[in-house]
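One structure is given here, and the rest of the page talks about it.
The values are calculated or read from the model by the stated rules, or taken from the named source; none is laboratory data. Note that the structure is predicted; figures quoted are calculated from it, not measured. A quick note on method: Cβ atoms are made from the backbone with ideal geometry, for glycine too, and the neighbour counts reach across all protein chains shown. Side chains included, ligands, DNA and RNA excluded: accessible areas come from the protein's heavy atoms. Shrake-Rupley method; radii C 1.70, N 1.55, O 1.52, S 1.80 Å.
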Amino acid sequence: MERSAPTYQLDTELLPEEQLLLAMGKIDPSHHDRVVAHDLLEDPNYPWQKMLALAAAHRVHPILAHNLEIDDSFRSRVPAEFQGSLRAFRAQALMRNALYRQTIAPIVQRLTAENVPLALMKGAALTETVFPRGTRLLNDFDVLINKSDYPKVTAAFVDAGFLKRFRAGATESSELAAYHQVGLVKRVGETVLSVDLHWLLYPPEQAFCQIDTPTLMARSQRITFG
């Protein structure tokens, strides 16, 4: 018996604020995405407040703001009372990311001088290599190191004012023996900066999705940071 192709009614089932996020809350929206967004924003009663709140909840508000601001046809459709919110979204991302760079760059410089390699991971890597400037809010900063370099790396962070943070009931030795990372935190004014220092991608027992750290380090692309 031949199976019929599934039919999808996703667009009609989504709310207008959800449709705009799917279309414009990402890097380089397609032509179709832009057409969808234009059609949505032609509605004078478009729910801007709900859409902006939803974008912030899903943490795509800086990239959404960027995509709406760089295109005149979109920017002209943004009501005046919401233009400040879009600028604030990008400013928040710019300022927080700049704070991470300014704080961590001297540490990277020190470790580079000591021939200690570091690889950026997750959001830290995407912010530096993929996302346009000020379009991704950096919540924490993930770094991959060779486990043998742990003493040198943590010494550099501690000397820069970071504190080690372990899971409840864990010690530094137990984390090194049975886990894949430790946390490092530093308060800069009212902002808490959080660094996740990895020597494995996942805890050791998750071998099915583990990737050898030296292999990852060898495949890393060199960038200028800070």
Discussion item. Cβ contacts < 6 Å: first residue touching a residue at least 40 places away in the same chain (Cβ under 8 Å), restricted to region 132-147; second residue open to solvent by less than 40 Å² (accessible area, probe 1.4 Å) and assigned to a loop (DSSP other than H, G, I, E, B), any location; separation 6+ or different chain. Result?
Written reply: Ile145/Trp199; Lys147/Trp199
Practice prompt. Would you point out which residue out of Ser174, Ser220 is of a type in the set (Ser, Thr, Tyr), out of contact with any Ser or Thr (no Cβ under 9 Å at 6 or more places or on another chain) and without any contact (Cβ under 8 Å) to a residue 12 or more places away in the chain?
Written response: Ser174
Discussion item. Please go through (1) at pLDDT 95 or above; (2) of a type outside the set (S, T, N, Q); (3) closer than 30 Å to Ala57 by Cβ for Glu128 and return the number of the only condition it doesn't satisfy.
Written reply: (1)
Discussion item. I want to confirm something. Restricting to region 170-191 and keeping residues that are within 21 Å of the chain's Cα centre (by Cα) and open to solvent by 60 Å² or more (accessible area, probe 1.4 Å), which single residue is nearest to Ala124 (Cα to Cα)?
Written reply: Arg187
Discussion item. Looking only at residues that are among the aliphatic types (A, V, I, L, M) and part of a loop (DSSP other than H, G, I, E, B) in region 157-209, which one is modelled with the lowest pLDDT?
Written reply: Leu201
Item to complete: Please specify each residue of region 18-30 satisfying the condition of being out of contact with any Phe, Trp or Tyr (no Cβ under 9 Å at 6 or more places or on another chain) and not in a helix (DSSP H, G or I).
Response: Gly25, Lys26, Asp28, Pro29, Ser30
Worksheet item: Name the residues in region 126-156 that are assigned to a loop (DSSP other than H, G, I, E, B), open to solvent by less than 10 Å² (accessible area, probe 1.4 Å) and among the polar types (S, T, N, Q), would you?
Response: Thr135
Discussion item. Please verify whether Arg167 is surrounded by fewer than 12 Cβ atoms within 10 Å (Cβ to Cβ) and among the basic types (Lys, Arg), treating the condition exactly as stated.
Written reply: no
Worksheet item: Among the residues of region 79-95 satisfying the criterion of being touching a Leu at 6+ places or on another chain (Cβ under 8 Å) and surrounded by fewer than 17 Cβ atoms within 10 Å (Cβ to Cβ), which is farthest from Glu190 (Cα to Cα)?
Response: Phe82
Discussion item. Every residue in region 31-78 that is open to solvent by 30 Å² or more (accessible area, probe 1.4 Å), within 16 Å of Glu17 (Cα to Cα), in a helix (DSSP H, G or I) and not small (Gly, Ala, Ser), please.
Written reply: Arg34, Val35, Val36, His38, Asp39, Gln49, Lys50, Leu54
Worksheet item: Can you spot a residue in region 192-203 that is in contact with a helix residue (DSSP H, G or I) (Cβ under 9 Å, 6 or more places away or on another chain), loosely packed, with under 13 Cβ neighbours inside 10 Å, farther than 29 Å from Pro62 by Cβ and without any contact (Cβ under 8 Å) to a residue 40 or more places away in the chain?
Response: yes
Practice prompt. Might you check whether a residue that is more than 17 Å from the chain's Cα centre (by Cα), crowded, with 16+ Cβ neighbours inside 10 Å and basic (Lys, Arg) occurs anywhere in region 112-123?
Written response: no
